[in-house]
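Novice: Encoded as structure tokens, here's the structure I'll be asking about.
Throughout, read-outs are computed from the coordinates displayed, never taken from laboratory work. Please read all numbers here as calculations on a predicted model, not as lab measurements. Cβ placement follows ideal geometry from the backbone for every residue including glycine, while neighbour counts extend to all protein chains displayed.
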Amino acid sequence: MCQRVLTSPLNFAERIEKRLNERAAKGLSRQLVDIEQGNHVLLKWQDKAFINFSSNDYLGLANDSELKAHFCEGINRYGNGSAASPLITGFSYPHQRLESTLCQWLGYDRAVFFNSGFSANQALIFTLLESGDLLLQDKLNHASLIEAGALSPATMKRYHHKDLRHLKKWLRPCQNTLVISEGVFSMDGDLSEVAHMAKVIGNRALLVLDDAHGIGVLGDTGAGSVEHWQVKPDLLIVTFGKAYGLSGAAILTNANLGDYLTQFAKHHVYSTAISPALAYAIDKATEMIQTQSWRRNKLHDLQNHYHELMSDLPGYLNTPTPIKPFLVGGTERALRLSNALKAGGFWACAIRPPTVPVQMARLRFTLTAQHRLQQLQGLKHCLEKQLETYQQEESSYGCYER
Ligand SMILES: *Cc1c(COP(=O)(O)O)cnc(C)c1O
């Protein structure tokens, strides 16, 4: 038996147990649930069916039969996997074709592929920034960006959410600077004012936009924030796991930066390429996003209905996107509300710290083109009833939760 392990701070088992217990004590433990994706917005769990208000499948493509058939055709034509990283033999005709589709649509020279948006973000930050550089990030940026920034040798500053005056204060003319923001903020559903940002930054920094929740949803052809604001960030990250209903990601940029990422981004160089069948399906989904504008129109209609139905309820927040946060406050209350909705047949996850700030726990409803008005009405009814119960409790006990 090794004595060092017993006394050393490196006693993993003890530390891990402590961390898990701390999280559980705060009611912040999360669980994997073995969900079965039913058709469109239906979700099954433990033999019960729920209307799913928690997926990021905004356009209803994750279960679309046309896209499924195309994905299968891709497998039949090109096989199951890419079998190598892109610079070895993992890059093939469907990848090349997809790159050219995306570049034409979004207005860039190059698209570099990654297995996930998470790895694309990490790769971008680790590959571009060196010691002495400056990284400015919106305070509410995604964990993949904030974490990579914290690990990078560059100096990171987080400006107040969407506060361009605060951002401007940090800009230094003689320092290599990256400014990164999300196009649509994933937990709040609000938009970055990208056109204004680009103006404020000028040529003092490179502008990076993570459009994970904008692509497919914003703009007349679904090209996302770049189309909505008519601006072109220096680097654009798009992901294929949300409105695309698939998975994977790409960084779009100019020829030189694209070549630099292709050569040096370790998450690209040393990772098995996305499968050719997936690239083939992403290409098809791009075409569907561009041409099937009824999906976005339907989504807009549902957003309007949501506003009409919900705007009277305390906790309602108005957003210009299908991401509808519903502020609840304390963690316990958010969980309780989420459970009550589940009992009513609606799946809406509670979003708790550390994903959002303390006392800002919320339900995050997401709308998809596959929802029906009747399902929204059902959700509203259930939510309203529950909120009334809380009000009654609070007036009889003084205060429900601090
Ligand atoms: C989901 C998300 C990511 C990660 O993308 P994945 O493809 O799911 O890894 C990155 N950035 C933002 C803003 C996201 O919402």
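Novice: Let's see if you can work this out: charge +1 on each Lys and Arg Cβ, -1 on each Asp and Glu Cβ, no other charges. What is the dipole magnitude of the stretch 243-317 about its Cα centre, in debye to the nearest 20?
Specialist: Working: 5 positive and 6 negative charges, 40 e Å.
Its charge dipole is roughly 200 debye.
Novice: Just need log10 I(q)/I(0) for the stretch 348-389 at q = 0.26, 0.34, 0.35 Å⁻¹, Debye formula, equal scatterers on the alpha-carbon atoms, no solvent, rounded to two decimals.
Specialist: -0.94, -1.09, -1.11
Novice: Just want the answer: with Cβ charges of +1 for Lys and Arg and -1 for Asp and Glu, which residue in H196, G224, G183 is farthest toward the dipole's positive end in the stretch 119-226?
Specialist: H196
Novice: Which of D301, D133 has the fewest other C-beta atoms within 10 Å, and how do the rest follow up to the most? Intermediate values should be presented prior to the final figure.
Specialist: Values: D301 13, D133 16.
Fewest to most other Cβ atoms nearby, the residues stand as D301, D133.
Novice: State the answer as a single residue: which of A148, Q303, P320 lies farthest towards the positive end of the charge dipole of the chain, with beta carbon charges of +1 for Lys and Arg and -1 for Asp and Glu, about the Cα centre.
Specialist: A148
Novice: Would you order W45, W105 from fewest to most other beta-carbon atoms within 10 Å of each residue's own beta-carbon? Mind showing how you got there, number by number?
Specialist: Working: W45 13, W105 20.
Ordered from fewest to most neighbouring Cβ atoms within 10 Å, W45, W105 come out as W45, W105.
Novice: I'd like the projected area of the stretch 211-285, averaged over all directions, using the convex hull of its alpha carbons. Report it in nm² with one decimal.
Specialist: On the way: hull surface 21.0 nm².
Value for the stretch 211-285: 5.2 nm².
Novice: Report the Stokes-Einstein translational diffusion coefficient (µm² s⁻¹, integer) for the stretch 241-348, Rh taken as the Kirkwood radius over Cα pairs, at 20 °C with viscosity 1.002 mPa s. If you can, show how the numbers build up before the last one.
Specialist: Values: Rh = 18.1 Å.
Answer, rounded: 119 µm²/s.
Novice: Can you give me the relative contact order of the chain as a percent, contacts being Cα pairs under 8 Å and 6 or more apart?
Specialist: On the way: 722 pairs, mean separation 85.1, N = 402.
For the chain, the relative contact order is 21 percent.
Novice: Let me ask another. Take the alpha-carbon centre of the stretch 293-312, take the same for the stretch 74-113, and report the distance between them in whole Å.
Specialist: 35 Å
Novice: What are the semi-axes of the equivalent ellipsoid of the stretch 141-291, taken as the square roots of 5 times the eigenvalues of the Cα gyration tensor, listed largest first and rounded to whole Å? Could the numbers behind the result be given before it?
Specialist: Numbers: eigenvalues 134, 77, 39 Å².
Here the semi-axes work out to 26, 20, 14 Å.
Novice: Further question: Based on the inverse mean of 1/r over its pairs of different Cα atoms, what is the Kirkwood hydrodynamic radius of the stretch 91-207, in Å? Walk me through the intermediate numbers first.
Specialist: On the way: mean 1/r = 0.0651 Å⁻¹.
Radius from the Kirkwood sum: 15.4 Å.
Novice: Which ordering of E14, E99 is given by a fewest-first count of other beta-carbon atoms within 10 Å? Mind showing how you got there, number by number?
Specialist: Values: E14 12, E99 22.
Ordered from fewest to most neighbouring Cβ atoms within 10 Å, E14, E99 come out as E14, E99.
Novice: To continue, here is another question. Please enumerate, by chain and number, the aspartates and glutamates with C-alpha under 20 Å from the C-alpha of K162, excluding those fewer than 8 residues away in the same chain.
Specialist: Within the straight-line limit of under 20 Å, K162 reaches these aspartates and glutamates: D138, E147, E182, D188, D190, E193, D210, D211, E227, D234.
Novice: Further question: Using +1 on the beta carbon of Lys and Arg, -1 on that of Asp and Glu, and nothing else charged, what's the dipole of the chain about the Cα centre, debye to 20? Could you put the intermediate results ahead of the total?
Specialist: Numbers: 41 positive and 38 negative charges, 163 e Å.
Computed about the Cα centre, the dipole is about 780 debye.
Novice: Put +1 on the Cβ of each Lys and Arg and -1 on the Cβ of each Asp and Glu in the chain; which of I75, L98, L376 then has its Cα farthest toward the positive end of the dipole?
Specialist: Going by the Cα projections, it comes out as L376.
Novice: Follow-up. What does the C-alpha gyration tensor say about the overall shape of the stretch 89-128? Classify as rounded when a/c is under 1.5, otherwise prolate if a/b is larger than b/c, or oblate. Walk me through the numbers on the way to the answer.
Specialist: Values: a/c = 2.39, a/b = 1.41, b/c = 1.70.
Oblate.
Novice: Given all pairs of different Cα atoms, what value in angstroms does the Kirkwood hydrodynamic radius of the stretch 203-247 take?
Specialist: On the way: mean 1/r = 0.0930 Å⁻¹.
The answer is 10.8 Å.
Novice: If contacts are Cα pairs under 8 angstrom and at least 6 residues apart, what is the relative contact order of the stretch 159-234 in percent? Present the calculation step by step, with values, prior to reporting the outcome.
Specialist: Values: 109 pairs, mean separation 21.0, N = 76.
It rounds to 28 percent for the stretch 159-234.
Novice: On the principal axes of its Cα set, how long, how wide and how thick is the chain? Give whole Å, largest value first.
Specialist: Rounded to whole Å, the extents work out to 66, 59, 55 Å.
Novice: Is it possible to state the helix-based mean residue ellipticity at 222 nm for the chain, with each DSSP H run of 4+ residues giving -39500 (n - 2.57), the sum divided by total residues, to the nearest 500 deg cm²/dmol? What is it?
Specialist: Details: 15 runs with 173 residues, N = 402.
My calculation for the chain gives -13000 deg cm²/dmol from helical runs alone.
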